[in-house]
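Read the structure below first, then the notes.
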Amino acid sequence: MDRVHLHVLVAGCLIVLAGCAATNPLSPSNTQNSQYHLHVQQADGNISADDVIQFDELTPAQQRVFKDALQKGIADVPNNVSIDPWTHYRYVRYDNDTYVAVVSTA
């Protein structure tokens, strides 16, 4: 292999490696690591309507987090999902039931 071909091969490998590093899903800038968790459980007692947000008022991403927390009891809130509904309202109304939704820090 002559020198020109070797340089082209090395340059090509470096470009490929740089591209892989830039799109590495495990690199800190690309992770969905969350600093918040959402805890959900069935609510009991009398609940003021002022403390309740309807499930349909949540964004699709917030709805996914809520459903995940409903199934597991707790779910990570991705950094790109706002926690505002759960900090302004204590309860979520979903499928004719009311749930306590509490955000905690990781």
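Proximity of backbone amide H atoms, modeled 1.01 Å from N, is registered between Gln41 and Val100 at under 5 Å, excluding neighbours fewer than 5 places apart on the same chain. Residue exposure proxy: Leu38, Leu70, ordered by other Cβ atoms within 10 angstrom of their Cβ from fewest to most, comes out as Leu70, Leu38.
Summing Cβ point charges (Lys, Arg +1; Asp, Glu -1) relative to the Cα centre of the range 32-105 gives a dipole of roughly 220 debye.
From least to most packed, judged by other beta carbons within 10 angstrom and beginning with the fewest, Phe66, Phe55 follow the order Phe55, Phe66. Taking a Cβ cut-off of under 13 Å around Leu58, the surrounding Lys, Arg, Asp and Glu residues balance to a net charge of -1, with basic ones at +1 and acidic ones at -1. When the alpha carbon gyration tensor of the range 32-105 is reduced to an equivalent ellipsoid, the three semi-axes, largest first, read 19, 12, 11 Å.
Every number in this text was worked out from the coordinates using simple rules, so none of it is lab data. Treat the numbers as computed from the prediction; the structure is a model and nothing was measured. With ideal geometry, Cβ positions are generated from the backbone for all residues, glycine too; neighbour counts draw on all protein chains shown.
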